[in-house]
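Undergrad: The structure that follows is given in the form of structure tokens.
Just so it is clear, none of the values below were taken in a lab; they were calculated from the coordinates. Just so it is clear, the model here is predicted, and its values are computed rather than measured. Every residue, glycine as well, gets a Cβ built from its backbone with ideal geometry; the counts of neighbours run over all protein chains shown.
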């Protein structure tokens, strides 16, 4: 059995599966959450000054494609952004400590999603045939997980 895009043989561990080349047009893999968000807008009567302030607790979760679970990539932290426009323009940002987690699962999800977006962009770009620019088909989860899952069924 071969991949229809590259005509390369699939690995032996995937011989009972076929590649249908159906990837979602819009795949949600990252979630940003703003908890306890507040937005203030101040405009002075003179009309030459205004201020916008946003404060919130920010969090980022990413889907782990291997197990289809959410992993916290950026732990919740408090942030405040203020924009002041008048005679001069000023932007200030104040945050509490920010903790970022990055490991193989998060890296895999970001790499696969970037490749899927690139493929979707090139297919909508109109610059020719997408089959000429793709070197390999991306498997979204570990083959051992798929094999185990289907052998149980």
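Undergrad: Modelled label-to-label distance, residue 34 and residue 121, 7 Å Cα→beta-carbon offset: nm?
TA: Placing both labels 7 Å along Cα→Cβ, they lie 2.5 nm apart.
Undergrad: Stretch residue 89-residue 41 to full length: gain in nm at 0.36 nm per residue minus the Cα-Cα span? Show your work: numbers first, answer last.
TA: Values: separation 48, 0.36 × 48 = 17.28 nm, distance 1.52 nm.
Computed gain between residue 89 and residue 41 is 15.8 nm.
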